[in-house]
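Structure first, commentary second.
The values are calculated or read from the model by the stated rules, or taken from the named source; none is laboratory data. Here the structure is a predicted model, which means the values were calculated and not measured. Ideal geometry is used to build each Cβ from the backbone, glycine not excepted, and the neighbour counts take in all protein chains shown. Each accessible area value is taken on the protein alone, full model and side chains, heavy atoms only, with ligands, DNA and RNA left out. Shrake-Rupley method; radii C 1.70, N 1.55, O 1.52, S 1.80 Å.
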Amino acid sequence: MPLTFPKEEYMQKGHSACAGCGATLSMRYVLKALGPKSVVSVPASCWAVIPGEFPYTSLNIPMLYTTFASSGASISGLREGLDSQGKEDYNVVAFAGDGGTADIGLQGLSAAMERGHNVLYVMYDNEAYMNTGIQRSGSTPYGAWTTTTPVGIKRDYKKSNKKFVADLMIAQNVPYVATATIGFPEDLERKVATAKLIKGPKFIQILSPCPPGWYYNSSDTIKISRLAVEANVFPLYEYRNGKLTVYKPAKTVPLRDYLSLQGRFGHLNDVEIGEIERALEERWQYLLRREKD
Amino acid sequence: MVIVPVAYLPTSSKELSSWRTSRPVIDYSKCTRCAICWKFCPDVAIDLSPDPSLSAPNDRFKALEAPRIDYDHCKGCGICAEECPFDAIAMVEEE
Amino acid sequence: MESIQASRRIMTGNEAVATGVKLSRVKVISAYPITPQTTIVEELAEMVANGELDSKFIEVESEHSALASVIASELSGARSFTASSSHGILYMHENLHWASGMRAPLVMSVVNRAIGPPWNIWSEQTDTFNQRDTGWLQIYCESNQEAMDSVLLGYKIAENKSILLPVMNMLDAFTLSHTSEPVEIRSERTAYDYLGDLDLDFKLDFKNPGGYGSLLGPDGPFMEMKKDMRDSMYNSIKLIKREISNFNDQFEANLPGLTENFMMEDADYALITTGAISSTAKYTVRKLRAQGLKTGLIRLFFYRPFPGDDILKAVRGLKGLGVVERNVSYGQRGPTYEDVVSSLYGKADVPVRNYVVGLGGRDIRVKDYEKMFENLVETDGGMEWINVGVT
Amino acid sequence: MYEIRFHGRGGQGAVTASKILAMAAFLENKWVTSFPFFGTERRGAPVTAFTRIDDQKIELRSQIYEPDAIIVLDRSLMKIVNVTEGLKSDGILVVNGKSGNLAETSRYRIGFVDATSIALRNGLGDPSHPIVNTAILGAFAKVSNIVSIESIKTATAEMAPSRKKENVNAVQEAYEETELN
């Protein structure tokens, strides 16, 4: 059977990620699509720890660590610095978590995209501050348990909706915006390859399940990532030249199939699940309307 | 010369087998060499190389690149076993 | 009389900084506007727009991003520059540490301005004195000439392979930034020869990829790296002196050493100052000398590394030394005072006093310096804050 | 050392005037500094700027409290600001105004010039915002002997941001039309 995927590896074995980590697969796939002429900037996040302690590095391309809020600015500086030396053909990539993107880094991201640098910003979305131990972020979905939305006797789970940063980027009319997930690696790889060919700012949000943070068995990472799309929790779409294209899953599953695998949703009752399902359906219809525009 | 905080040593030189509580074991007689396990391995701990000495469901598969678990770097997450469409990988508890 | 205007032009401190940046052939500029730094950024944007300066200009959305972006561009191998002031410097604070820790030889020009509340756009040095422990070398300019020269000198020192730490050069808000005075424009040719191209051994390398600024545990060389930064800064004094004298030779300039001793040879009483307020202090020293009081002045051109030994040499035999601070520290004497006293401790028997002046742009006049000298002579020990309240 | 203080309103060009005057003296091989008292004021608010001229390098960097000359770009300011505060007893006062009847300032050497009319005649600004800064320098050259009218014209030609010829004309016309007390 021929490989459906580039064989070259730019992420190494021996990294320090948790077993079954979705964020490592995100990095692995993104770099496969980009190739060796790339540099990645990483803010405070799991990925600042995954390569392990000095003097180790786990990428075959240069990786620049930066302060939490600085990904957007860092890739701007890398881009202009390389361009000023005639290195326009190198890919400059930010690889930031959802906290570093939806929360503390949003201003810098928005500004970098607005300035129009030829850069790719990848948000690996594991839906909470996993590196610090599962605190809620703006990208944590409605209903989820985290250590700062601990449910308790007052049922204090996360009571606000997930901030979809990709939607914000579309609102800013970023030339290329996409959502992807590691359960569909060929789709992810194609989107990164598409982004690579576009000169200008690009943004890709990759749902990257986290076994300890979402409370599931590490072997289920890929399964959960696929279910997120099929249960309509994380729709896949692509925005290019002002046109939105929404992926319609070949197979759809009830929301419960997705939630029941994860401890972070274990407290939800049928009524609450029903409410979430309605909200997700509403967002799905909204995306379809936008696609028609 | 000053000490710069730049790390150059590849992590592939590290050994992480102690992280694992169970190990994936491939039953090559069921393995079609589809490489799905390789594709989904978060630890890049499955190598692909042809090895005609391994068994296979039929001779045609023997010539293809076969997955081989790198037990020095496998953390035993079990994704390969979960995703293998031919049930050719089993998770076996480490002693 | 030598013709003043022969090779000089009248320019503001901010224009002088921008000219220094141009002479340094900076490749990437990233800055966010803040009064009174704004005209530096405007001038540089103009130079780039007119093709006078072949540089990328990033119009960032914050000072935090300004510094983050030039750290990245510098490490990519492109000489980079930023400028800020006041709250902008405070907003940068974590990245100031990141720049020095990454050993990025940046230069940043800072127009010294007060910190709120209440809002105040006028001169004061608290913004950069707050950054004395961030691993940046600090140069305080007395004139627009120094504002230009210290950019070139700054890169030369920062990029030295045994230093590799960033440099901030300071100019006082309005007193230099918006004051026009004659400045000698350094020759482009000499500047190019003097500075050369940025040659960073550890810049981003795609053939030998590294992790820049990776994680380090308690047993890793974290502490060793911090000690190395401290050593690089501390041992840079000799090197800086050599670079300054080299600068003076090549440009026929007369920059002082890390300190400038003004009429110190036979002085009985002296003040220590930083920045543009030193000029009025010198004027006062001359005036009091004419009246028979043997006064003198030590100006700190560099504050980091701290030139303690130079001060020790200069103060021997003084009957009184006053340390003038245009910054405020709460709960302890001023930072310069602490540094001076610790440099003299057990080595010089000179009474040292501390004077806080000119916060929030309050004008510092000859009579204020006269009061300080008067206080030094009387040694009544009672005066610390100058020109405060109804007096 | 010769010290000059300018009083104007935001938008009239007092700061530029202080720079042009410094440049004119610089052209005569003098050391100079010029600086504004930079406020947060916007257009219309009272503005102060300073110029120092000396044969030696200038060390004094405080504001000017006892000027040798005061230049007033807008006579209406004299009602709200004590413009002559600290002016030396043998000092010079240059006022943008039609006639010279300022009893309380008669001890100074005073020059009056209708810089507003001259500016408008030369197309500098408009009636609500005449740009009088170059014309008033022509008057200063007439009243003082610190810098020559030629140097002021040269400095004006170099530093006026636009309408260079009109500005130089305004300097010359003001020089000719200034009335001394």
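Could you tell me what a quarter of the Cα convex hull surface of the stretch D:35-74 works out to, in nm² with one decimal place?
Here the figure is 3.7 nm², rounded to one decimal.
Report the equivalent ellipsoid semi-axes for the protein assembly as shown in whole Å, largest first, defined as the square roots of five times the eigenvalues of the gyration tensor built from alpha carbon atoms.
Three semi-axes, in Å: 65, 32, 25.
Quickly work out the D:Asn29-to-C:Asp199 label distance, labels modelled 7 Å from Cα along the C-beta direction, and quote it in nm with one decimal.
4.5
Calculated FRET efficiency, C:Arg242 and A:Asp89, Cβ-Cβ r, R0 41 Å, to nearest 0.05?
E between C:Arg242 and A:Asp89, to the nearest 0.05, is 0.50.
Rounded to the nearest 0.05, what FRET efficiency is calculated for C:Met263 and D:Glu176 with R0 set to 60 Å and r the Cβ-Cβ distance?
Working: r = 49 Å, r/R0 = 0.81.
Between C:Met263 and D:Glu176 the formula returns 0.80.
Take each uninterrupted DSSP H stretch in chain C, measure its Cα extent along the helix axis, and return the ones at 24 Å or beyond whose mean Kyte-Doolittle hydropathy is at least -0.5.
Both cut-offs are met by no helix.
Lys and Arg at +1, Asp and Glu at -1: add these up for the other residues within a Cβ distance under 9 Å of A:Tyr10 and post the number.
Result for the local shell: 0.
Compute the angle between helix A:221-230 and the longest alpha-carbon principal axis of chain A, please, reported from 0 to 90 degrees and rounded to the nearest 10.
Compared with the principal axis, the helix lies near 70 degrees.
Checking an interface number: how much accessible area is buried between B and A, summed over both chains, with a 1.4 Å probe, in Å² rounded to 100?
That pair hides around 3100 Å² of surface in total.
Please count, across chain B, the pairs of lysine residues with Cα atoms under 22 Å apart that sit 8 or more places apart or on different chains. Can you show the working numbers first?
Values: B:Lys14/B:Lys39; B:Lys14/B:Lys75; B:Lys30/B:Lys39; B:Lys30/B:Lys62; B:Lys39/B:Lys62; B:Lys39/B:Lys75.
Eligible lysine pairs with Cα atoms under 22 Å apart amount to 6.
Can you list the aspartates and glutamates whose alpha carbon is less than 19 Å from that of A:Lys37, not counting same-chain residues fewer than 8 positions off?
Hits, sequence-local ones excluded: A:Glu8, A:Glu9, A:Glu80, A:Asp83, A:Glu88, A:Asp89, A:Glu189, C:Glu74, C:Asp205.
Mind telling me which of A:Tyr29, A:Tyr56, A:Tyr157 comes out most flexible in a GNM of chain A, alpha-carbon contacts under 10 Å?
Among A:Tyr29, A:Tyr56, A:Tyr157, the largest GNM mean-square fluctuation belongs to A:Tyr56.
Report the paramagnetic label zone for C:Thr379: residues of the stretch C:294-321 whose backbone N is under 18 Å from a point 7 Å from Cα along the Cα-to-Cβ axis.
Output list for this probe position: C:294-296, C:315-321.
Net charge within 15 Å of A:Leu188 by Cβ-Cβ distance, Lys/Arg positive one each and Asp/Glu negative one each, not counting A:Leu188 itself?
Net charge in that neighbourhood comes out at +3.
How many square angstrom of accessible surface are buried between B and C, both sides summed, with a 1.4 Å probe and rounding to 100?
1100
Pull out the extension gain between A:Arg278 and A:Ile198, defined as 0.36 nm times the separation in residues minus the alpha carbon to alpha carbon distance; nm, one decimal.
25.2 nm
How charged is the neighbourhood of C:Met263? Take every other residue with its Cβ under 14 Å from the Cβ of C:Met263, and add Lys/Arg as +1 and Asp/Glu as -1. Before the final figure, lay out the partial values.
On the way: positive: C:Lys282, C:Arg286, C:Lys287, C:Arg289, C:Lys294, C:Arg299; negative: C:Glu260, C:Glu265, C:Asp266, C:Asp268, D:Glu59.
Net local charge, C:Met263 excluded: +1.
In deg cm²/dmol and to the nearest 500, what is the mean residue ellipticity at 222 nm of chain C if only DSSP H runs of at least 4 residues count, each as -39500 (n - 2.57), divided by the residue total? Mind showing how you got there, number by number?
Details: 14 runs with 152 residues, N = 391.
Here the helix-only value at 222 nm equals -11500 deg cm²/dmol.
Run the accessible area of the protein assembly as shown with a 1.4 Å probe and give the carbon-and-sulfur part as a rounded percent.
Percent of accessible area from carbon and sulfur atoms in the protein assembly as shown: 51.
Only helices at least 18 Å long along their own axis, judged from Cα atoms, and with Kyte-Doolittle mean hydropathy of 0.5 or greater: name those in chain D from DSSP H.
Details: long enough: D:14-27 (20 Å, 1.76); D:164-177 (20 Å, -1.54).
Membrane-span-like by this rule: D:14-27.
Would you mind checking the tilt of helix A:22-34 against the longest principal axis of the Cα atoms of chain A, expressed as 0 to 90 degrees and rounded to 10?
Helix A:22-34 sits roughly 40 degrees off the main axis of chain A.
Test of understanding: extend the Cα→C-beta vector of C:Asp219 to 7 Å, then name every residue of the stretch A:39-83 with backbone N under 14 Å from that spot.
Label zone hits: A:53-55.
Would you list A:Trp284, B:Trp38, C:Trp385 from the most to the least accessible area, probe 1.4 Å?
Accessible-area ranking of A:Trp284, B:Trp38, C:Trp385, largest first: C:Trp385, A:Trp284, B:Trp38.
Helix A:185-197 sits at what angle to the longest principal axis of chain A, using alpha carbons and giving 0 to 90 degrees rounded to 10?
Helix A:185-197 sits roughly 40 degrees off the main axis of chain A.
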